[in-house]
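See below for the structure under consideration.
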Amino acid sequence: MLFPDYRPRRLRRNEAMRSLIRETSISAANLIYPLFVMPGKGVREEVPSMPGVFRMSVDQLGAEVKDCLGLGVNHVILFGLPEKKDPMGSGAHAKNGIIQRAIKEIKNRVPEMMVSTDVCLCEYTDHGHCGIILDGMVDNDSTLEVLAETALSHAKAGADMVAPSDMMDGRVGEIRAALDENNFTDIPIMSYAVKYASAFYGPFRDAAECAPQEGDRRGYQMDPANSREAMREATLDVEEGADILMVKPAVAYLDIISRLRDEFDLPVAAYHVSGEYAMVKAAAERGWIDGDRVMAETLLSIRRAGADIILTYFAKDMARLLG
Ligand code: PBG
């Protein structure tokens, strides 16, 4: 026999052979597209640190989601910039708040579009933290009530799924109870179960104007050094009734996605966050990398690590590339 006797290259000879044995794929159906909603009329402005991503007023949403559907992206997640911020984040659960209006607009105009909502207070508090501040600390238990009320107000406005991203302890259970008591037993919770205190959120905080005025989020978001703790966070959320477990950010945490995939049976989501998006865009604009290929390779790596679902600002670009 001729050395080497086993030749993996045999199965790489042409595209038909390669696609025959391809282990991982990505489809528009796996993607969730984040949208930033802001006050005003006729507003559609690009986020400077996120080229191709626009903040828009409620009246622009119909056209935007039709565009998404046309590309095969049938799920969006909403983030809101309220008219006014206050210490309690009361805009988060206002009956006629920015997100509540946005949900209704999308559901009226394009009912088949799936709408998830981010449940957190940081966009609505004047101090920019994800919860209520008591004695200079973000107070866990008093925040839970406001989060539950926020999730409930989203469900009442017509949201298909709620996604708590605040990292308070016990919030999944509290939200589940509030939804169930109000007959929203069919609304799933996609928990940001494993959310790290990450520098990759920078551009998002510009877009949503939600950077903390003082301090940082390390008192509630996870330490990037920890992996076992991620399993503990996920276990708690499963016990409290989470339907989907999310890891965030994605690329610097592929090992965490992979561990979650191995240790849990629930669907796993990964959030390819603003900073991860911005880096690819910036290098591509300079001609240093092929933007489309790096995008596709990156999203594929997240799927290969074990994510069923990817939340990404690339959702439309990727869907376009898939054709
Ligand atoms: C709200 C929230 C954040 C992101 C999603 N939900 C910001 C943060 O925690 O600071 C970040 C998303 C992104 O960077 O794309 N808490």
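Within the chain, what is the longest stretch that has no GluC sites (Glu not before Pro) placed in a DSSP loop and near at most 13 other beta-carbon atoms within 10 Å?
On the way: sites that count: E23, E83, E112, E214.
Looking at the chain, 215-323 is the longest stretch - no exposed GluC sites (Glu not before Pro) with at most 13 other Cβ atoms within 10 Å.
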Among A63, A270, A148, residue whose mean-square fluctuation peaks in a GNM of the chain (springs only between Cα atoms under 10 Å): A63
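Using Cα pairs under 8 angstrom and six or more residues apart, how large is the relative contact order of the chain, in percent?
Details: 619 pairs, mean separation 57.9, N = 323.
Across the chain, relative contact order equals 18 percent.
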Alpha-carbon centroids, the range 64-115 and the range 223-238: separation in whole Å: 29
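With r as the distance between the Cβ atoms of M17 and D292 and R0 = 35 Å, compute the FRET efficiency 1/(1 + (r/R0)^6) and round to 0.05.
On the way: r = 23 Å, r/R0 = 0.67.
The pair D292/M17 has a calculated efficiency of 0.90.
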Only Lys, Arg (+1) and Asp, Glu (-1) charged, at Cβ; the range 161-236 dipole about Cα centre in debye: 260
Gyration tensor verdict on the range 243-323 (Cα atoms; rounded if a/c is under 1.5, prolate if a/b is larger than b/c, oblate otherwise): prolate
D262, D255, ranked by accessible area, largest first (probe 1.4 Å): D262, D255
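Just need the Rg to Rh number for the chain, please, alpha carbons only, Kirkwood Rh. The partial results should precede the final answer.
Details: Rg = 20.2 Å, Rh = 20.3 Å.
Here Rg/Rh amounts to 0.99.
Using only helices, what value at 222 nm comes out for the chain when you add -39,500 (n - 2.57) per DSSP H run of length 4 or more and divide by the total residues, to the nearest 500 deg cm²/dmol?
Details: 11 runs with 123 residues, N = 323.
Counting only the DSSP helices, I get -11500 deg cm²/dmol.
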Entries in K84/K248; K107/K195; K107/K248; K85/K156; K85/K248 that, when Cα-Cα distance is taken, lie over 24 Å: K84/K248; K107/K195; K107/K248; K85/K248
Residue-normalised accessible area of the chain, expressed per residue, 1.4 Å probe, Å²: 46
Qualifying aspartates and glutamates (Cα of each under 18 Å from Cα of K281; at least 8 residues distant if same chain): E45, E46, D206, D290, D292, E297, D317
Whole-Hz couplings from phi, Karplus 6.51/-1.76/1.60, listed for the range 131-147; x for Gly and Pro: x, 7, 9, 10, 6, x, 10, 6, 7, 5, 6, 6, 6, 4, 4, 5, 5
Charge dipole (the chain, unit charges on Cβ, about Cα centre) - positive-most of M50, H93, A177: M50
Solvent-accessible area, 1.4 Å probe, carbon plus sulfur percent, for the chain: 51
Span from the the range 151-207 Cα centroid across to the the range 241-284 one, whole angstrom: 16
Cα-based helix-to-principal-axis angle, 98-109 vs the chain, degrees rounded to 10: 60
Cα-based Kirkwood hydrodynamic radius, the range 139-254, one decimal, Å: 14.9
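Just to be sure I understand: of the beta bridges DSSP finds with both ends in the chain, what percent are antiparallel, rounded to 5?
Numbers: 7 of 39 bridges.
Here the antiparallel bridges make up roughly 20 percent for the chain.
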Degrees, to the nearest 10: 274-285 long Cα axis against longest axis of the chain: 50
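The values are calculated or read from the model by the stated rules, or taken from the named source; none is laboratory data. Treat the numbers as computed from the prediction; the structure is a model and nothing was measured. Quick reminder, even Gly has a Cβ in these numbers, built from the backbone with ideal geometry, and neighbours come from all protein chains shown. Quick note on the areas: whole protein, heavy atoms, side chains included, nothing else; ligands and nucleic acids left out. Shrake-Rupley method; radii C 1.70, N 1.55, O 1.52, S 1.80 Å.
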